[in-house]
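In what follows, a structure is listed as structure tokens, so that the remarks can point back to it.
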Amino acid sequence: MATLADFKTSEKSWWCPGCGDFGVLAALQKSLVALDINPDELTIIAGIGCSGKIGNYINGYNLHVVHGRTLPAAMGVKLANRDLKVICAGGDGDAYAIGMGHFMHAMRRNVDITYLVMDNHIYGLTKGQYSPTSDPGFQTKTTPKGNIERPVHPLSTALAAGCTFVAQGFSSWQPQLASLIQKAVRHPGFALVNIISPCVTYNKINTYDWYKTSLTNLDTVEGYDSQNRVEALRVLHEHDELVTGLVYQDPTSVPYEDLAPGYSKTPLAGQDYALEDAVWKKMLAGLE
Ligand SMILES: Cc1ncc(C[n+]2csc(CCOP(=O)(O)OP(=O)(O)O)c2C)c(N)n1
Ligand code: SF4
Ligand SMILES: [Mg+2]
């Protein structure tokens, strides 16, 4: 069984002291141990951003892809080798701005991958521009007079798009976040965990203290039914998405891989594709 040390790398951290991304990394590493996954069974597909550096700090296969393109890469990896645990990680810009088109289609396709979005309501890597989740009125380098746009609501958007697992964690609340990540990885289908991960350098409004007083923990909401999509939408609306916990899980979810006609149970990556000479010649003849 792998230990915490097996998931660490010798890479020196690039993140600012106090960045919420440290909490995401810690919860993910703890979860991998609890899930009894080995580093050689794990693929992290990371986006571009401060958040995307997370792949460098976790021992496993790591693809650091073009900005906004974690999901197509992840679906390709999962379909080529369904034995791998595929976890995507990136920022709110990577997911909900440049990557939004992929996000919508990945959810309805329901390939068995986990998506951790490290949401700090800002573009951190490029030094503080507003993002799709920035609050109205938020002043940044690109919105010096305050943000005049309405924010994307990732959780409601996910529910509307047919996502079969929707959760939100907070990087400071480690036990709940680790538990959500484990549930997401176990879920058979596409699982979104939006993680509030404060940027201490460029976002002085949505701070740790601000979240601690603004968030409602769904685990403490009596009678909350995480299998009821309509109720989930209502509660998200009521709290302006400032909740943590399991928002929704479809207990009947069947992943894309199990529905695709003719798709093999044996990982494609492990199959022998050597063609017999006669078959090859017949194929060539068919092209003439
Ligand atoms: C195609 C492309 N467009 C723009 C950029 C510049 N860029 C790099 S990271 C980034 C946004 C980062 O914000 P986010 O995804 O929220 O990650 P964070 O740094 O906040 O973790 C942008 C616009 C890029 N690298 N590639
Ligand atoms: S700029 Fe913000 S998001 Fe990036 S490492 Fe620093 S605190 Fe974290
Ligand atoms: Mg960001």
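Just give me the residues in segment 65-79 being charged (D, E, K, R) and in contact (Cβ under 8 Å) with a residue 60 or more places away in the chain, in sequence order. Can you show your working first?
Filtering segment 65-79 for residues charged (D, E, K, R) gives 69, 78.
Within segment 65-79, LYS78 is the sole residue that qualifies.
Somewhere in segment 72-79, is a residue more than 12 Å from ligand 3 (Cβ to nearest atom), buried (at least 22 other Cβ atoms within 10 Å of the Cβ), at pLDDT 95 or above and among the β-branched types (Val, Ile, Thr)? Before the answer, list the steps.
Of all residues in segment 72-79, those more than 12 Å from ligand 3 (Cβ to nearest atom) come to 72-79.
Filter again for buried (at least 22 other Cβ atoms within 10 Å of the Cβ), leaving 74-75, 78.
If we keep only those that are at pLDDT 95 or above too, we end up with 74-75, 78.
With among the β-branched types (Val, Ile, Thr) added as a condition, the list becomes none.
Checked against the condition, which is being more than 12 Å from ligand 3 (Cβ to nearest atom), buried (at least 22 other Cβ atoms within 10 Å of the Cβ), at pLDDT 95 or above and among the β-branched types (Val, Ile, Thr), segment 72-79 yields no hits at all.
For (1) in contact (Cβ under 8 Å) with a residue 40 or more places away in the chain; (2) over 19 Å from TYR115 (Cα atoms), each residue gets a yes or a no:
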position: PHE7; (1), (2): yes, no
position: SER13; (1), (2): yes, yes
position: PHE22; (1), (2): yes, no
position: ALA27; (1), (2): yes, no
position: PRO39; (1), (2): no, no
position: GLY49; (1), (2): yes, no
position: TYR57; (1), (2): yes, no
position: LEU63; (1), (2): no, no
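Counting only helices (runs of 4 or more DSSP H) that fall entirely inside segment 164-239 and contain at least 2 residues that are out of contact with any strand residue (DSSP E or B) (no Cβ under 9 Å at 6 or more places or on another chain), within 28 Å of PHE138 (Cβ to Cβ) and more than 16 Å from ligand 2 (Cβ to nearest atom), the qualifying elements are 208-214, 229-238.
All conditions in (1) within 15 Å of ligand 2 (Cβ to nearest atom); (2) of a type outside the set (Val, Ile, Thr); (3) under 16 Å from CYS163 (Cα atoms) hold for GLY91, with the sole exception of (3). Of ILE113, ILE181, ILE122, ILE98, all but one fail to be of a type in the set (A, V, I, L, M), more than 26 Å from HIS237 (Cβ to Cβ) and surrounded by 24 or more Cβ atoms within 10 Å (Cβ to Cβ); the exception is ILE113. Taking segment 104-122 as the range and being more than 14 Å from ligand 2 (Cβ to nearest atom) and either closer than 26 Å to PRO198 by Cα or among the small types (Gly, Ala, Ser) (or both) as the test, the residues that pass are MET104, ALA106, MET107, ILE113, THR114, TYR115, LEU116.
In segment 105-132, how many are part of a loop (DSSP other than H, G, I, E, B) and within 8 Å of ligand 1 (Cβ to nearest atom)? Before the answer, list the steps.
Taking segment 105-132 as the starting set, the residues that turn out to be part of a loop (DSSP other than H, G, I, E, B) are 110-113, 120-121, 124-128, 131-132.
Imposing the further condition that a residue be within 8 Å of ligand 1 (Cβ to nearest atom) reduces the set to 120, 124-126, 131.
Final tally of qualifying residues: 5.
The set of residues in segment 123-142 that are more than 14 Å from GLY47 (Cβ to Cβ) and near ligand 2 (Cβ under 8 Å from one of its atoms) comprises LYS127, GLY128.
The values are calculated or read from the model by the stated rules, or taken from the named source; none is laboratory data. What you see is a predicted model; the values in this text were computed from it and never measured. Methodologically, a virtual Cβ is constructed for each residue, glycine included, from the backbone with ideal geometry; neighbour enumeration extends over all protein chains shown.
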